Amino acid sequence: MRDEFGDRMKEYEARETQRTLLPMLPVAVRIDGRAFHTFTKGFEKPFDRSLSEMFRYTTKELVRESGAVLGYTQSDEISLILHQDDPKSELFFDGKVYKLTSVLASIATAAFNKMWLTYLVDHQSQIDDKVWKLATFDCRVWQVPTKWEAVNVLLWREKDARRNSVSSAAQAVYSDKELHGKSSGEQQEMLFQKGINWADYPKWAKTGTYYRRRQVERELTADELARIPEKHRPAPGTKLLRSDIVEWPYELAKVENKVEAVFDDAPPVLFSDLSK
């Protein structure tokens, strides 16, 4: 017997849940911390290393789970680029939009709060009760027509990171009134007048951090060794090739072969190298 009521409800649901991304086109993802302008009150200004470490850990977990070719974090946001060249391969969750947005936001929320709760416990004597709250994230996904445009998405966020970094550094020592109408270059000059060289800040604070999956030679952890049957278990200290998520230590704007470096993991050719 046909369930007309159930079929009608499923049809409503399917109009949204059937949205699927096109195969073989790059996918851009951006994950933002919700209301982080208030969440981050009480952290060190202009840049807090502990907060950055939480975002970097979260980015690594997102790359690990999603199979992204590259992950990038700056300020309170994370960007991912997903892509499958092989028509027989599948995107994360087959490119289903509702799955991507909901699950990636959930992974970010879980990973960040894991680190956040550890931080709260370690610093509980220094923290006001009002900051004992959990972080939440939203997520959006979209496609771009070419690999070059996917690279441009990252360049766009990297450019934003640089501008915001200079602004944050300046806001730590100048009032909004003093900074009103000042360009990024002018703000850097104002920092110099205070004895602060923006270029001296660490890379994560200036232009963000990238992560990608690589095969690396390393020792297995105790947990990994315990999961291997005893008769096949290597001796402690043995180094083996394993897939891991590692930092990609470059500023994309300074890489000449951007598409190859991002999508093929080709060795980056830096513009400074081309002039030699």
Self-check item: Filtered residues of segment 1-43 (kept if part of a helix (DSSP H, G or I) and among the acidic types (Asp, Glu))
Solution: Glu4, Asp7, Glu11, Glu13, Glu16
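Just the residues that are farther than 30 Å from Trp156 by Cα and either touching a strand residue (DSSP E or B) at 6+ places or on another chain (Cβ under 9 Å) or touching a residue at least 24 places away in the same chain (Cβ under 8 Å) (or both), please, taken from segment 232-260.
Pro234, Pro236, Gly237, Thr238, Lys239, Leu240, Leu241, Arg242
Would you point out which residue out of Arg218, Arg214 is in contact (Cβ under 8 Å) with a residue 40 or more places away in the chain and not in a helix (DSSP H, G or I)?
Arg214
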Practice problem: Kindly indicate the residue of segment 6-49 that is at pLDDT 90 or above and among the small types (Gly, Ala, Ser) and also farthest from the chain's Cα centre (by Cα) among those meeting that condition. | Solution: Gly6
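Looking only at segment 221-237, which residues are surrounded by fewer than 11 Cβ atoms within 10 Å (Cβ to Cβ) and either in a strand (DSSP E or B) or not acidic (Asp, Glu) (or both)? Lay out the reasoning, then the answer.
Going residue by residue through segment 221-237, those that are surrounded by fewer than 11 Cβ atoms within 10 Å (Cβ to Cβ) are 221-223, 226-227, 229-232, 235-237.
Listed by number, the residues that qualify are Thr221, Ala222, Ala226, Arg227, Pro229, Lys231, His232, Ala235, Pro236, Gly237.
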Quiz item: If the Cβ limit is 7 Å and pairs must be 6+ apart or interchain, which residue in segment 31-44 that is farther than 19 Å from His123 by Cα pairs with which residue that is aliphatic (A, V, I, L, M) and in a loop (DSSP other than H, G, I, E, B)?
Solution: Gly33/Ala135
Quiz item: Which members of segment 52-98 meet the condition of being in a strand (DSSP E or B), more than 18 Å from Leu25 (Cα to Cα) and touching a residue at least 60 places away in the same chain (Cβ under 8 Å)?
Solution: Tyr72, Thr73, Gln74, Glu77
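The values are calculated or read from the model by the stated rules, or taken from the named source; none is laboratory data. Everything numeric in this text was worked out from a predicted model, so none of it was measured. Glycine also receives a Cβ, built like all others from the backbone with ideal geometry; neighbour counts cover every protein chain displayed.
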